[in-house]
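First up is the structure itself, then whatever we jot down about it.
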Amino acid sequence: MMPATFWLPRSLLLSASLLFIAAPLPLIAADGEKPQQETALPSPPDVLLGPLFDAVQRARLFNDQKIFADAIPKHAPSAIVADWQMQRHLSGFNLRHFIEFNFNLPPAPKKYTPPQGESLRTHINNLWPVLTRETKTTPRGGSLLALPHPYVVPGGRFREVYYWDSYFTMLGLAQSGRWESVRHMVDNFAWEIDRWGHIPNGNRSYYLSRSQPPFFALMVDLLASHEGEKTLVRYLPQLQKEHAWWMDGAEEVDNGHARLRVVKLRDGSLLNRYWDDRALPRPESWAEDIQTAHDNPKRSAADIYRDLRAGAASGWDFSSRWLDNPAKLSTIHTTKIVPVDLNALLWQLEKTLARAAEAAGDNALSERYKTLAQARQRAIETHLWNDDTGWYADYDLRREKTRSQLTAATLFPLYVGLAPDARADKTARAVRNGLLKPGGLVTTTENTGQQWDAPNGWAPLQWVAIEGLNRYHHEALAQDIAWRFLNTVQNTFNRERKLVEKYNVTAPGLGGGGEYPLQDGFGWSNGVTLKILELLCQETRPCDNVPKQPPAGIVAQENTL
């Protein structure tokens, strides 16, 4: 009789796969000079490991499903799966032991504790090296994708570079004088466009099927502010490729239909939506997505999976903004919504392309992108402005009308400068009356338990608001938002000795909600904090912490922390 504790370790298992895995796995390299033109994308872990991946994630072996998605197999994935198939029915088989024996699991995030008395600015400047990574080669079978240059990660569970996060991180790097890091990150994203055809959500194989809010044009513009207009010409090919990726299918789609990321409304207006090429649970949230689909048996599970993935592509994962019922995530319909922020950013991309083409001496190409930008601006003004409420909002494809929900995304047309003055004034009024809270700008007016809803405020949306309102001469409101949010960050730092991913701006302090615990670090909070310090400290330099007095012309909310 076999003992109850019987379990065969890999080194002793007599299977044909032992011969197959004798040699170490090769590495995948990132060539910084000549990106390889590959059409096949690396397989994500749910494909490489198939039923084993499903079994591990459904068993919830780890408190965070991203841990196994980021694990590196010690041997060929096919051999590990074969061994698991042979052993899993044996008496005493322990799945956790099997996984720990056959995979290198990512280490727990290292906690960085600043020295006592360190200022906010100094803390952030000291964090940049802590958050910097370099991945020129990665073991085959792992989900991390190589990049040619060092990059800055957000922090915490986020061990890879993220697309739209990085722009706000780069603002801080530039503020710290780390222009080489800014250039490296722009070059990494350009390299990804050349290699994969687009910038993925993050440099993981399971992120390759989607992108994120398209900030590459703004990244290039940031670098151009330091290196000159020649920067626009240097990255013109990648800017064109990114635009082509977002507009793929535009020539084939009929009026009133959508294809991939392109939407053509009944009047012929071309706009865009978020999309993911896969309709399966997200590897990093596998069991959660399966449960979400189970919660709504009236809908196709594949449709729910795609909408969850598209919500992740939006960066707002998750928010009542995408839900029919704010209390039920399974009512998500991201792909049936035309987002105002996405289309404002694509207008910015088209305007940048027009500038870059003109700088390159190609006037015909410049005029083509100007025409596209003008058409998009008309479509935004026609379909993404809610005249009844007086603010910019998303468009609902199923109901064929502009949605009425007020969210911080309403400020993106002001941020990029496409809004007429009268509409910018109405939007500013709506934001002051509906979104301004003691600790800054709240993301939405709904409190749902989702992280991109009330009471949370996010650093990138504070900066979008500040820049957009300043652009349209609402300086007092912009400074009020800046002062409130910086007070939230400063007082939380004084108490917790860290910066975090998101903040509660209604009762100022640590944020919460969503799929995972609050993360420390934190890339975009660091970057925006440095920018706000610069903005509010113009008359009191040097300024390493929040000024003790608010800027003239605004009344700051009394700090109760």
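All C-alpha to C-alpha distances of region 232-275, sorted into 5 Å bins beginning at zero, yield P(r) values of 5, 25, 27, 16, 11, 10, 5, 1 percent in whole numbers.
The tail of the calculated P(r) for the chain beyond 36 Å holds 35 percent of all Cα-Cα pairs. Note on Asn433 and Ser300: the model spin-label points, each 7 Å out from Cα along the C-beta direction, lie 4.2 nm apart. A 22 angstrom limit on the alpha carbon distance is what I want to check against. Which of Lys264/Lys370; Lys264/Lys426; Lys66/Lys110 exceed it? Result: Lys264/Lys426 exceed 22 Å. Taking all Cα pairs closer than 8 Å and separated by 6 or more residues, the relative contact order of the chain comes to 13 percent.
For the chain, what is the calculated [θ] at 222 nm in deg cm²/dmol (nearest 500), taking -39500 (n - 2.57) for each run of four or more DSSP H residues and dividing by its residue count?
Calculated mean residue ellipticity at 222 nm is -13500 deg cm²/dmol.
Relative to the dominant Cα principal axis of the chain, helix 179-196 is inclined by about 60°. Per-residue Karplus couplings for region 89-98, computed as 6.51 cos²θ - 1.76 cosθ + 1.60 with θ equal to phi - 60°, are listed in order as 9, 6, 4, x, 4, 10, 5, 4, 5, 4 Hz, Gly and Pro entered as x. Axis angle, to the nearest 10 degrees, between helix 421-434 and the longest C-alpha principal axis of the chain: 60 degrees.
Computed from Cα atoms alone, the Kirkwood hydrodynamic radius reported for region 201-249 is 12.1 Å.
Across the cross-link table entries Lys111/Lys136; Lys136/Lys498; Lys230/Lys401, which are compared at the Cα atoms, the separations over 32 Å belong to Lys230/Lys401. Excluding residues on the same chain fewer than 8 positions from Lys298, give the lysines whose Cα lies under 20 Å from its Cα. Hits, sequence-local ones excluded: Lys328, Lys336. Residues whose amide H comes within less than 5 Å of that of Tyr395, counting only those at least five positions distant or on another chain, are Val338, Val340, Arg403 (H built at 1.01 Å from N in the peptide plane).
Keeping all protein chains in place and using 1.4 angstrom, which order do Phe158, Phe522 fall into by accessible surface area, from largest down?
These residues rank, largest area first, as Phe158, Phe522.
Of the whole protein surface, Trp164 contributes about 10 Å² of accessible area at a 1.4 Å probe radius. With R₀ set to 22 Å, the beta-carbon distance separating Ala108 from Arg497 gives a calculated FRET efficiency near 0.75. Taking a cut-off of 12 Å between Cα atoms, list the aspartates and glutamates near Lys74, but don't count ones fewer than 8 places away on the same chain. Within the straight-line limit of under 12 Å, Lys74 reaches these aspartates and glutamates: Glu100.
Please determine, in degrees from 0 to 90 and to the nearest 10, the orientation of helix 475-496 with respect to the longest principal axis defined by the Cα atoms of the chain, where the helix direction is its Cα long axis. Once rounded, one gets 40 degrees.
Label zone (Phe93, point 7 Å along Cα-to-C-beta; backbone nitrogen cut-off 12 Å) within region 42-61: 52, 55-56.
Report in % the part of the accessible area of the chain that belongs to carbon and sulfur, leaving out ligands and nucleic acids; probe 1.4 Å.
On the chain, the fraction of accessible area on carbon and sulfur atoms equals 51 percent.
Surface analysis of the chain yields an accessible area of 40 Å² per residue, using protein heavy atoms and a 1.4 Å probe.
Note down, for region 239-369, the three equivalent ellipsoid semi-axes (square root of 5 times each alpha carbon gyration tensor eigenvalue), biggest first, whole angstrom.
33, 15, 12
The values are calculated or read from the model by the stated rules, or taken from the named source; none is laboratory data. A quick note: this is a predicted structure, and the numbers were derived from the prediction, not measured. Cβ: placed from backbone, ideal geometry, glycine included. Neighbour counts: every protein chain shown. Surface areas here come from the heavy atoms of the whole protein model, side chains and all, with no ligands, DNA or RNA. Shrake-Rupley method; radii C 1.70, N 1.55, O 1.52, S 1.80 Å.
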